[in-house]
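Written out below as structure tokens is the structure these notes cover.
The values are calculated or read from the model by the stated rules, or taken from the named source; none is laboratory data. Just so it is clear, the model here is predicted, and its values are computed rather than measured. Positions of Cβ are generated from backbone atoms using ideal geometry, with glycine treated the same way; all protein chains shown enter the neighbour counts.
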Amino acid sequence: MDPQSIVRAVVERIAPGPVPAAGWWILLAIAAALLVVVVPLLWRAARPAVTIVHELGHAGVGILVGRRFTGFVVSADMSGHAVTVGPRRGAGRIAATWAGYPAPALLGAVLVQLALLGWARTALFAALVILLLSLVFTRSVHTLLVVLLTAAAVGALWWFGGAALITLLTLAAGVFLLLGAWRHVAAVMTGGRRSDDPQQLAQLSPVPSWAWILSHLLVLAGCSWWAGTVLAGHLL
């Protein structure tokens, strides 16, 4: 392909497109996302996506509050951590630490909106760019491989997938991130460790860990309501 054809093909894959008529495909996307979250083998394979978004949530808010993002790690047990450099205490550190658990829910709700508004291809392109940029900040071979595989899957779907398939899978990804966010917070509530975000937030502030967990739950509930109202509007 000549350069002009490549540019034209890229632009065509970024521009918004038509949304399939509401129907079975929405229920299929929801069912697929639910299946991935509740089946242990599927959850283990897909969980790194939630972890990546979690860690990039720390990074993104950290940058917004003036901290310097130096890297992140996704461990073999699919947990992770991001490193931002700045004051050891204070509002900026608290904001960056708090942002991890809400990030997948917020992104999931946004993906649901974009998929049902015809912006699925645009969303995939943006996700691909962010994943490729984040490769610079990976700090282990395992993390590099996880991000590369995720970027390859997103890139292949964006470039080769048809409009209907891209819309269905983008919607499924959004619902999956929402449900995955709930599962992550539930895991912290039932078996939290000192290294988990709510415990760290309790050490950084006079607010107890249960209150920080409650704040996460409120954000997850708001994101779920936002996405749920749009889904219901297309189904009813």
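If you check every pair at least six apart or on different chains, which have Cβ atoms under 7 Å apart with a residue in the stretch 184-198 that is surrounded by 12 or more Cβ atoms within 10 Å (Cβ to Cβ) first and a residue that is small (G, A, S) and at pLDDT below 90 second?
P198/G192
Could you please find all residues in the stretch 199-236 being closer than 22 Å to V19 by Cα, loosely packed, with under 12 Cβ neighbours inside 10 Å and aliphatic (A, V, I, L, M)?
Residues satisfying the conditions are A232, L235, L236.
For A99, which of the numbered conditions (1) without any contact (Cβ under 8 Å) to a residue 12 or more places away in the chain; (2) of a type in the set (A, V, I, L, M); (3) in contact with a His (Cβ under 7 Å, 6 or more places away or on another chain) fails to hold?
(1) is the only condition that A99 fails.
Could you check the stretch 87-112 and list, in sequence order, the residues that are surrounded by fewer than 17 Cβ atoms within 10 Å (Cβ to Cβ), assigned to a helix (DSSP H, G or I) and not small (G, A, S)?
none
Pull out all pairs, ordered by first then second residue, where Cβ-Cβ is under 7 Å, the residues are six or more apart or on different chains, the first lies in the stretch 72-90 and is under 12 Å from P48 (Cα atoms), and the second is among the small types (G, A, S) and surrounded by 12 or more Cβ atoms within 10 Å (Cβ to Cβ).
Partner pairs satisfying both residue conditions: V73/G80; V73/S140; V74/G80.
Could you tell me which residue of the stretch 120-146 is surrounded by the most Cβ atoms within 10 Å (Cβ to Cβ), considering only residues that are under 16 Å from T70 (Cβ atoms) and in contact (Cβ under 8 Å) with a residue 60 or more places away in the chain?
Going through the qualifying residues, I end up with T143.
Name the residues in the stretch 40-95 that are aliphatic (A, V, I, L, M), touching a helix residue (DSSP H, G or I) at 6+ places or on another chain (Cβ under 7 Å) and over 19 Å from V141 (Cα atoms), would you?
L42, V61, V65, I94, A95
Of all residues in the stretch 159-191, which are in contact with a helix residue (DSSP H, G or I) (Cβ under 9 Å, 6 or more places away or on another chain) and farther than 23 Å from A31 by Cβ?
Correct list: W159, V188, M189.
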